[in-house]
Structure formats: structure tokens, C-alpha cells
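One structure is given here, and the rest of the page talks about it.
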Amino acid sequence: MTSLDINNPFGAPVYYSETVESTMDVSRGLAKNGEPHGTVIAAGFQKKGRGRLGGRVWLTEKNENLLFTILLRYPKIEDIPKAITLLTGIAVSHAVEDYAMQLKGSVTVKWPNDIMIGNKKAAGILCEASDGAVHIGIGVNFAQKKFPSSIEKKATSIAIALGIDIAPNERFVLLEKILESFYNELISTQESLKSRLEQRLYKINKKVVFIEGAADSGREIKGTLSGISETGELLIAVDGEQEKRSFITGELKPD
């Protein structure tokens, strides 16, 4: 594990490993070793990168994408910023647009933890808390130009969206921008989270099919995605019902 010479507004180290099992796992080890709030571990490849739901993996090519975890210290659970996954999504989406200004207006946050470019997934976020720490894992499809057939119709990268080749080391420029954007989100007032997110919420005011609860629950909800609540729940105007319903777990069914 080496140190990256990039700016981290948290004033904490940014580490890099060529290959890890999971940056989330490394982050937990760093937490136990006393590393400070805002410490970052990035990697060129994860052997066991995973998604939000059990059994899902993060498929990525070596050294082509931006894979990292941010370690945050919150001794009390009530200190953790509300809707921190969505807060992170706002930061990542802003940073992607800052890095690739040609994509401005096409980068959105898909509730609860994905970043979309157009109608395809470009990044994912996974937040886990334990022992007074929050570990925020972020994976951004950056320079990768091809994906496995199982996901090629629903995944994209910044390089694909721009229609150009990007040098893989450019991903550390994006990392700096994400850290800066995320730091600013954390110190900003939380009251405007709802309005800021709804400005870039994927599928807002559009018809959706929502799978309530677990991905295999079979409980499909059809309606119009109308926004989020002040605490981050998804709001859907369900077909045939007068009042909007809020959801804390589940996901939007792909088109």
C-alpha cells in the first residue's frame, strides 16, 4: 500500500493498492489502526468488490476504473449525516460533471445508490457503518470501453459517454474532484438535501416500476416517481391511490 500525492480536503491520507480483496475491507482495517476521519483507500482492482444487495458483485477491468472507500469517523450513530448515501450521490454526480463538462445535465442520481449517465449506470455507492465509523465505497466506471454481455446494455463509463479514450491515470483527477465535492456536501447545511437531490433525481416525474423490499420480493409498485422525503425516502404516486407512498428499501426496475 502506497500513498497517493493528491489533495484531500479532509487532511487525511490517500492510500493506493494495486489489488485488494475489497477497499471496504481495507478501510475497516485502517479504522482499527486509528487512521483519521477522511482517510481514503483506492485500488486498481478488487477481487471481491460488491454491490448494495447480497450476491451482487462489482465487475471491473484492472486499472481502468476508479475504486475507493472513504473512512469517516462518527462515534455516535446520530452524528451520521442523514441520507448519507444520497448525499454521496449528489457529490459524485457533481464531480463527474465537473470532470467531463460535456456530460452536464445527463448525470443523475438513481435512488438509492447509483449514478447514471443517460439511462445507464456509471457508478455505484455502498455505505456501511460499524464501531463508530462509516465506510463509503464508491466505484466509477471511468476508462473501461467494454463490459460483459450480462451488463453491457445497462452499464456505461465516462469514456463511453464521451466517445473517447481516457488515460486510466486520469481517474485520480476525478478522485480529487469527488473528495472536494463530498467534503463540501458534508459541511453544507442539510436542510436543502431534498431540493438539491430532486434537481438531479433519476426518473423524477416519470412512470416507474418499483420493486419494494428485497430484489426478489416480487412486490412491484407502479406509479410516478415524485421525489424524496426530507430524510431520503423515495416518494411514489402509486397508480390508483390518492396519497403518495414513501419507501425506505427497494429499487427501480430497469427499463
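The values are calculated or read from the model by the stated rules, or taken from the named source; none is laboratory data. Bear in mind the structure is a predicted one, so any value in this text is a computation, not a measurement. Backbone-built Cβ (ideal geometry, glycine too); neighbour counts: all protein chains shown.
Worth a mention:
- The set of residues in region 137-157 being among the aliphatic types (A, V, I, L, M), out of contact with any Pro (no Cβ under 6 Å at 6 or more places or on another chain) and closer than 17 Å to G44 by Cα consists of I138, V140.
- None of G132, G137 is surrounded by 17 or more Cβ atoms within 10 Å (Cβ to Cβ) and in contact (Cβ under 8 Å) with a residue 12 or more places away in the chain except G137.
- Residue match in region 126-134 (condition: hydroxyl-bearing (S, T, Y), under 29 Å from I187 (Cα atoms) and assigned to a strand (DSSP E or B)): yes
- Unmet criterion (only one of (1) in contact with a His (Cβ under 9 Å, 6 or more places away or on another chain); (2) outside the structural domain of L86 (by TED's automatic domain parsing)) for K177: (2)
- Those strands (runs of 3 or more DSSP E) of region 191-255 that lie entirely within it include none in which at least 2 residues are more than 21 Å from K154 (Cβ to Cβ) and among the basic types (K, R).
- Test: residue in region 143-159 that is surrounded by 13 or more Cβ atoms within 10 Å (Cβ to Cβ) and in contact with a Ser or Thr (Cβ under 6 Å, 6 or more places away or on another chain): yes
- Counting the residues of region 20-50 that are over 21 Å from the mean Cα position of the chain (by Cα) and either in a loop (DSSP other than H, G, I, E, B) or modelled with pLDDT under 95 (or both) gives 4.
- Test: residue in region 160-167 that is without any contact (Cβ under 8 Å) to a residue 12 or more places away in the chain, in a loop (DSSP other than H, G, I, E, B) and among the hydrophobic types (A, V, I, L, M, F, W, C): yes
- Condition broken by A167, with the remaining ones in (1) small (G, A, S); (2) surrounded by fewer than 17 Cβ atoms within 10 Å (Cβ to Cβ); (3) not assigned by TED's automatic domain parsing to the domain that holds N8 satisfied: (3)
- Filtered by the rule that a residue be under 20 Å from I178 (Cα atoms), of a type in the set (S, T, Y) and surrounded by fewer than 19 Cβ atoms within 10 Å (Cβ to Cβ), region 17-39 gives a lone residue, S17.
- One residue from E185, E198, E251 being out of contact with any Cys (no Cβ under 7 Å at 6 or more places or on another chain) and surrounded by fewer than 17 Cβ atoms within 10 Å (Cβ to Cβ): E198
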